[in-house]
There are 2 protein chains.
Amino acid sequence: MQTPLPNGGLRLQLRLRHGTKLVMGPGRADLLMHIAATGSIAAAGREMSMSYKRAWTLVEEMNAHFNPPLVEAVKGGVGGGGARLSAQGQAVLAAYRALEAATRTAGETFLAQIEAALQVPPDPD
Amino acid sequence: MQTPLPNGGLRLQLRLRHGTKLVMGPGRADLLMHIAATGSIAAAGREMSMSYKRAWTLVEEMNAHFNPPLVEAVKGGVGGGGARLSAQGQAVLAAYRALEAATRTAGETFLAQIEAALQVPPDPD
């Protein structure tokens, strides 16, 4: 699952690169969101139909790009530990979502122009 | 070559999807720009280190997504014909560039927040 920015039938996706490396994008932001919701990298991956290995790899990559890291381990508890967003993780996710919203608002006219130029009427999806 | 949106060291890339299909993104926009500049799909592809086949495929995909098509053939001339952007192609490219600029301006604060959270200082690239 990815969170699109609905703008009629056009969906906008923002990717942030540092040099050539992707540091944040729709899939990573959604993974962070699901980690925050589930308290578990594995459960977050499952909600996105992503393998355990893939979810862990993405978290490791994100953690390597940011300082302090975005996702931190939680020791103990009923489930024997889990994961949560660090304060930094919450802030970066919030900034990315705000960037999406700002783009949708500031770019509304241009998105509508491109949408109007499409061959077929947009799907309702 | 892709045209990044410099925002310090973070580069922002916008992808527009119609359903699951990519209809416009940094590579496609740059291809349109190079077609406009060179008057040739082949030459535009060469400037982007893209194969002739790849450039043609991208143009065919873009033309299928939009109506009227974005790229049109030019008959005759010294070089035996070439390609150019249709009025629609010019309008869609301009709207995409304006969307990039609007995002950079409206999202400046959020981009700066994410950039400040990066592990290492951004490369000057």
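Inter-copy label distances for A:Gln119: 4.2 nm (label point placed 7 Å from Cα along Cα→Cβ; shortest first). In the structure shown, the pairs A:Lys53/B:Lys21; A:Lys21/A:Lys53; B:Lys21/B:Lys75 are assessed against 23 Å; a Cα-Cα span above that value is assigned to A:Lys53/B:Lys21; B:Lys21/B:Lys75. The A-B contact accounts for roughly 3500 square angstrom of buried accessible surface, both chains included, probe 1.4 angstrom. Scanning residues 5 or more positions from A:Ser40 or on other chains, those with amide H under 5 Å from its amide H are A:Ala83, with H placed 1.01 Å from N in the peptide plane. Based on DSSP H segments of at least four residues, each scored -39500 (n - 2.57), chain A has a per-residue ellipticity at 222 nm of -16000 deg cm²/dmol.
For B:Val71, the residues whose amide H sits under 5 Å from its own are B:Ser86, ignoring neighbours fewer than 5 places away on the same chain, with H placed 1.01 Å from N.
Only the Cβ atoms of Lys and Arg (+1) and of Asp and Glu (-1) were treated as charged; on that basis the dipole of region A:3-110 about its Cα centre amounts to roughly 160 debye.
Computed from the Cα positions only, the extents of the protein assembly as shown along the three principal axes stand at 75, 42, 32 Å, in decreasing order. Between 0 and 90 degrees, rounded to the nearest ten: what's the tilt of helix B:52-65 against the longest Cα principal axis of chain B? Result, in degrees: 80. Identify which of B:Leu58, B:Leu16, B:Leu31 has the largest mean-square fluctuation in a Gaussian network model of chain B, with springs joining Cα atoms closer than 10 Å. Highest fluctuation of the listed residues: B:Leu16.
For region A:3-110, dividing the convex hull volume of the Cα atoms by the residue count gives 114 Å³ per residue. Label-point spacing at B:Glu108 relative to the other copies reads 2.2 nm, in ascending order, each point sitting 7 Å out from Cα along Cα→Cβ. Residues whose amide H comes within less than 5 Å of that of A:Val23, counting only those at least five positions distant or on another chain, are A:Leu16, A:Arg17, A:His18 (H built at 1.01 Å from N in the peptide plane). Simple rule: put +1 on each Lys or Arg Cβ and -1 on each Asp or Glu Cβ in chain A, find the dipole, and look at A:Trp56, A:Gly25, A:Ala106; the Cα lying farthest toward the positive end is A:Trp56. Computed about its Cα centre, the charge dipole of the protein assembly as shown is approximately 360 debye, with only Lys, Arg, Asp and Glu carrying charge at their Cβ. Against chain A, whose longest principal axis comes from its Cα atoms, helix A:26-38 is set at around 50 degrees.
When chain B is treated as a GNM with alpha-carbon contacts under 10 Å, the residue of B:Thr20, B:Thr105, B:Thr57 showing the greatest mean-square fluctuation is B:Thr20. Applying the criteria of a DSSP loop state and at most 15 other Cβ atoms within 10 Å to the GluC sites (Glu not before Pro) of region B:37-70 yields no site.
The values are calculated or read from the model by the stated rules, or taken from the named source; none is laboratory data. Just so it is clear, the model here is predicted, and its values are computed rather than measured. When we count neighbours, we look across all protein chains shown, and the Cβ atoms used for this are built from the backbone with ideal geometry, even at glycine. Side chains are part of the model used for accessible areas, which takes the heavy atoms of the whole protein and leaves out ligands, DNA and RNA. Shrake-Rupley method; radii C 1.70, N 1.55, O 1.52, S 1.80 Å.
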